[in-house]
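A.B. asks: First, the structure itself, so that you have it in front of you.
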Amino acid sequence: MHVELRNISKTFGRVRANEDISLSFSAGRIYAILGENGAGKSTLMKIMSGYQSPDSGTILIDGQPVTFKSPTDAIAHGIGMLYQDPLDFPPFTVLENFIAGRPGGFFPDTAAARQTLISLAERFGFHLDPDRYVDMLTIGERQQLEILRLLSLNVRVLILDEPTTGISAEQKSALFNVLKSLARDEGMTIILVSHKLEDVLELCDEAYVLRRGRYVGHKTIPCPIGDLVELMFGKIVARQERPPATFGEPVMIIDDVCLSSHRLSVHNVSLTIRAGEVIGLAGLDGSGQAEFIRSCAGLLTPERGTIRLNHLDLTRASYHRVAEAGVAFLPAGRLEEGLIRGMTLMEHFALTQPGKAPWVNWMRAWQTTAERIQTFNVKGRPNSPIQTLSGGNQQRFALALLPENLKVLLLEHPTRGLDVESALYIWEQLLQRRASGTAIVFISAELDEIVAYSDRILVFFGGHVTLVDDPADMNTTRLGELIGGKLAR
Amino acid sequence: MTSIPEERTYPPRPPAMVRPSRSLLWRWVVDLIPTLITPFIGIAAALGLVVLILEWQGADPRLAWQFLYDGTLATAAERADLMSYWMPLAITAFGLVLTYNAGLWNIGVEGQIIAGAIGATWAARLFAEGEGWRAQITPLGHGWVLLLCFVFAAGAGGLWALLVALLKTRGGVNEIFGGVALNFIIQTFNMYLVSNGGPWQPVGSRATETAAFPEAARLSSYGGFRHLSLTPIYITTAAFILLVLIMYVSRWGLQLRAMGKNLRSAFLLGVHTERNVLMAMMLCGMMAGLAGSFRVLGPYVTRAKLTANPSGGIGFLAILVVLLAAMSALLTPFVSFAFAMLSKGGQKIESGFQWSDPPINLDRSLVRVLQSGIVLMVVLAFGVRNRYFPPRSAQAAVDEDEEVART
């Protein structure tokens, strides 16, 4: 079966998730859809599996255009998707889950379904007890169940969204063996959605790379890891010579910090941030940089190690305590965390301006807001609701809200989704703050942004950290290797 | 396949849309019109529903309207009665305006009214009747007893609400579930106090209520009307002024609104969200507690007692009021007045048709159908409007070019 996507576009509000993407998938091959978080790969696969419909563009199966009304429809056409979080019913048994979603009468034929399940599991070497409850299974076993279910529905194209997150090494190699045999022996098409480069290199034959909603390139594997990184992050412009910056005293001292969240653990980070320094945090999405920056902001308590600001121990301090000490945090999701949908610019100001009086001086709030709007070049009025501003203006406004004279400014993707001028403007503002002695720590998915502005770079991979402080090392090859998991030494 | 595009390429911007420029005021007025019309569409739909039910029962809707008027506004006595029903409903709704704006769905308000009623009764027994540990001490004077009744009522309601808030912030129990559970508990406790030989049931009595409070623990009546007293009116007015100050002037009110719109962002912008949850809930509980005290302190002897159902469901009614008033502090007095009228007039509609010729048996719950129907229809009308005719503020971000044009 040959599947082709032709000129697929999809927008959500003003976000162009997919723009004019055309890809082609042949039978018997394993493809990777690569891209950073927000590159549009999930949207594209949801369109392909019938979960969403495209705004424009067509899906062709063996040359025939098809439209899917639902995932069931797509499965009937032979396209099935395995979601990142298994879509099963934990309080049911394996067999019941297997039956659910299968076409059949009101009374399902349990015995036949059991036979199918057992024989399929045997064929692929999965050990699944039909009578076990699903909540007793590991994520890997639940994936196996889901794969068997899709195979029993005669799926010919299998899409897997980040299948290796949260499964053990043995399960991963078992999964990969099955996927390889499905492609080689049964002529199925396998599509792996991932940003884990080592998985892609191990499993796939070809890789399609998306960036910012657009298709940017195709590689036949094997290929150097740096090539894939370059496609995913964009080509790094040569680092411009900058006047040597003079740094002040150390402001934040992070000593041997270990963090753990439900996703991963970050090991032994030590870093001394000096006044006026810019530190870029690079790495594939979910490698630990978000956890790290949140622990600096007081939102995630380290399991070990200390975080100090000057002489203040902030390791276990609350977010508000850390903020009082002069550390500000600007999260990535502007309207989810940071700004308040439905409130005006002036109300945001009134909310954040320090003041002892129990009442709000609306006159002054109006004046300050109007002033800041001018200074920060925000296109909006003091009484505009924040959500009516464009992304760039929201981000400028978020910067305008920050108190002056910060010691450390922590930013997550400060220019994500912004156009070039807006991004440049944001950095102008940030560099002004840096000149007045504020240290800046930022996460970005754009390697060129990191290289262009950072004095030092901290590269995260799977919770491990490498510090790059030599400008000579700040090039695609070296950083690409580190991001892709080739550790130093 | 296509080649790799150059670094940082962006699609060409669409040409700027040319729009007739209209003044900001005009836009604002245009936005306002549907907002003003929408609730009336909802109310009309709910009234239509009730008229249909009345016609189906063979009752004349015009007659029902006449009874409604007779039972609420026609005579001074009815107006006084309406006032005494309105005050506890209004003050409860004022408290709910605080929590609902903060995104706290305080369903437990019904239980907080009952807690307040119990608190007031306890104070009346202690200080006016000389029960319990005050048995040997001379009962206090009228003013002191009433003051203590209010303090106990507000305290009990506030603590009962604080419990819901602590369950939420410390125990991870959603305030809706915590509130429902605590409602049941306090209702059961109230029944225990006044029924089956409970500690507050007079010896030998079989009625599920306490004895009537002595004169010292009753509100003083005003103008010779049995059920009208000025004190609840003063307290409710003060609560309203406080509410307006909080919601429109204070920093705290702004913080509460921010929390209701986006708790996470409010926290990140420096709002002490946990403390504010506790404080808002407690203040709401205190107002509900005062409402409970208004319900049990008379002034006439038949109402100066703790009964099996001291709140009479005004907590749930207040929830409807605040929803219909769209959580606006300024609208709440009017909406609560309308609902008080419907509730009180509903009794007259029922009895009126019973004695009409031929008698028609209408259930009192018809009024509740109307009240809930209005809320449902108005919320539905707004839902329909926001879905199909979104106001500008609810729309997604506008284009930058248009923004420039507007500035």
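Coordinate-derived values only; no laboratory data. Keep in mind the model is a prediction, meaning the values are calculated, not measured. Here the Cβ is made from the backbone with ideal geometry for all residues, glycine too, and neighbour counts use every protein chain on show.
A.B. asks: Kirkwood hydrodynamic radius for the stretch A:302-409: how many Å is it when counted over pairs of different Cα atoms?
C.D. replies: Values: mean 1/r = 0.0658 Å⁻¹.
Computed over the stretch A:302-409, the radius equals 15.2 Å.
A.B. asks: So what J values fall out for the stretch B:285-291 if you push phi through Karplus, 6.51 cos²θ - 1.76 cosθ + 1.60 with θ = phi - 60°, rounded to Hz, Gly and Pro as x?
C.D. replies: x, 5, 5, 4, x, 4, 4
A.B. asks: Could you put A:Cys223, A:Cys296, B:Cys284 in order, starting from the residue whose Cβ has the fewest other Cβ atoms within 10 Å?
C.D. replies: Values: A:Cys223 13, A:Cys296 25, B:Cys284 29.
Ranked by crowding around the Cβ, least crowded first: A:Cys223, A:Cys296, B:Cys284.
A.B. asks: Where does chain B land on Rg(C-alpha)/(2.2 N^0.38 Å)?
C.D. replies: 1.19
A.B. asks: Could you tell me the distance between the Cα centroids of the stretch A:121-161 and the stretch A:62-76, to the nearest Å?
C.D. replies: The stretch A:121-161 and the stretch A:62-76 have Cα centres spaced 23 Å from each other.
A.B. asks: OK, next. May I ask you to evaluate 6.51 cos²θ - 1.76 cosθ + 1.60, the Karplus curve with θ = phi - 60°, for each residue of the stretch B:203-213 and list the ³J(HN,Hα) values in order in whole Hz, giving x for glycine and proline?
C.D. replies: 4, x, 7, 10, 6, 7, 6, 7, 5, 5, 5
A.B. asks: Still on this structure, I have one more. Ordered by residue, what ³J(HN,Hα) values in Hz, to whole numbers, does the stretch B:217-230 give under the Karplus form 6.51 cos²θ - 1.76 cosθ + 1.60, where θ = phi - 60° and Gly and Pro are x?
C.D. replies: Running phi through 6.51 cos²θ - 1.76 cosθ + 1.60 with θ = phi - 60° gives 9, 10, 4, 7, 7, 10, x, x, 8, 4, 9, 9, 9, 7 Hz.
A.B. asks: To the nearest 10 degrees, how steep is helix A:391-401 against the longest Cα principal axis of chain A, on a 0 to 90 scale?
C.D. replies: Approximately 40 degrees, to the nearest ten.
A.B. asks: While we're looking at this one, here's another question. How many Å³ per residue does the convex hull of the Cα positions in the stretch A:1-75 occupy? Working shown, then result.
C.D. replies: Numbers: hull volume 6.6 nm³, N = 75.
Per residue, the Cα convex hull of the stretch A:1-75 comes to 88 Å³.
A.B. asks: Another question about this same structure. Give, as a single signed number, the net charge of other residues whose beta carbon lies under 11 Å from the beta carbon of A:Gly298, with Lys and Arg counted +1 and Asp and Glu -1. Spell out each step's value before the answer.
C.D. replies: Details: positive: A:Arg294, A:Arg316, A:Arg321; negative: A:Glu324.
Summing Lys/Arg as +1 and Asp/Glu as -1 gives +2.
A.B. asks: Measure up A:Lys356/B:Lys261; A:Lys356/A:Lys407; A:Lys172/B:Lys168; A:Lys41/A:Lys172; A:Lys180/A:Lys219; A:Lys46/B:Lys168 against 30 Å on the Cα-Cα distance and list the ones that go over.
C.D. replies: On the way: A:Lys356/B:Lys261 24 Å; A:Lys356/A:Lys407 23 Å; A:Lys172/B:Lys168 41 Å; A:Lys41/A:Lys172 22 Å; A:Lys180/A:Lys219 19 Å; A:Lys46/B:Lys168 37 Å.
Listed pairs above 30 Å: A:Lys172/B:Lys168; A:Lys46/B:Lys168.
A.B. asks: In terms of the ratio Rg/(2.2 N^0.38 Å) built on C-alpha atoms, what value belongs to the protein assembly as shown?
C.D. replies: Working: Rg = 33.5 Å, N = 896, 2.2 N^0.38 = 29.1 Å.
With N residues counted in the protein assembly as shown, Rg over 2.2 N^0.38 Å equals 1.15.
A.B. asks: Step by step: find N for the stretch A:3-233, compute 2.2 N^0.38 Å, then divide the Cα radius of gyration by it. What's the final number?
C.D. replies: On the way: Rg = 17.6 Å, N = 231, 2.2 N^0.38 = 17.4 Å.
Compactness ratio reported: 1.01.
A.B. asks: May I pose another question? Between the stretch B:163-209 and the stretch A:271-342, how far is it from one alpha carbon centroid to the other, in angstrom?
C.D. replies: Rounded to whole Å, the Cα centres lie 45 Å apart.
A.B. asks: Please give the helix A:420-435 orientation as an angle from the longest Cα principal axis of chain A, in degrees from 0 to 90, rounded to the nearest 10.
C.D. replies: So the inclination is approximately 50 degrees.
A.B. asks: Write down the percent of antiparallel bridges among all DSSP beta bridges whose residues are both part of the protein assembly as shown, to the nearest 5.
C.D. replies: On the way: 44 of 80 bridges.
Around 55 percent of the beta bridges assigned by DSSP in the protein assembly as shown are antiparallel ones.
A.B. asks: Using all C-alpha to C-alpha distances in the stretch A:250-484, build P(r) with 10 Å bins and read off the rounded percent in each one.
C.D. replies: For the stretch A:250-484, the binned pair fractions read 8, 31, 36, 19, 5, 0 percent.
A.B. asks: Nothing charged except the Cβ atoms of Lys and Arg (+1) and of Asp and Glu (-1): what's the magnitude of the dipole of chain B about its Cα centre? Round to the nearest 20 debye. Spell out each step's value before the answer.
C.D. replies: On the way: 30 positive and 23 negative charges, 100 e Å.
The calculation lands at about 480 debye.
A.B. asks: Shifting gears a bit: Mind checking the dipole of the protein assembly as shown: about its Cα centre, +1 per Lys or Arg Cβ, -1 per Asp or Glu Cβ, Debye to the nearest 20?
C.D. replies: Details: 79 positive and 79 negative charges, 486 e Å.
Here the size comes out at about 2340 debye.
A.B. asks: Sticking with this one: What would the Debye formula give as log10 I(q)/I(0) at q = 0.16, 0.17 Å⁻¹ for the alpha-carbon point model of the stretch B:47-134, no solvent?
C.D. replies: Summing over Cα pairs of the stretch B:47-134 leads to -0.93, -0.95.
A.B. asks: So who's got an amide H within less than 5 Å of the one on B:Glu209, skipping anything under 5 residues away but keeping other chains? H placed 1.01 Å off N, in plane.
C.D. replies: The list, which skips near neighbours in sequence, is empty: none.
A.B. asks: Then there is this: Would you kindly calculate the translational diffusion coefficient of chain A, applying Stokes-Einstein with the Kirkwood radius from alpha carbon pairs, for 4 °C and a viscosity of 1.567 mPa s, and quote it in µm² s⁻¹ without decimals? Don't skip to the end; give the middle numbers.
C.D. replies: On the way: Rh = 24.9 Å.
Roughly 52 µm²/s, to the nearest whole number.
A.B. asks: Still on this structure, please answer the following. Sum -39500 (n - 2.57) across every DSSP H segment of at least 4 residues in the protein assembly as shown, then divide by the residue count to get the 222 nm mean residue ellipticity, nearest 500. Intermediate results must be reported in sequence, preceding the final value.
C.D. replies: Working: 30 runs with 420 residues, N = 896.
Result for the protein assembly as shown, helices only: -15000 deg cm²/dmol.
A.B. asks: Moving to a separate point now. What is the spin-label model distance, in nm, from A:Phe89 to B:Asp363 if the labels are put 7 Å beyond Cα along the C-beta direction?
C.D. replies: 3.5 nm
A.B. asks: A further question on this structure: Nearest 10 degrees is fine. How inclined is helix A:139-152 to the longest principal axis of chain A, computing both from alpha carbons?
C.D. replies: 40 degrees
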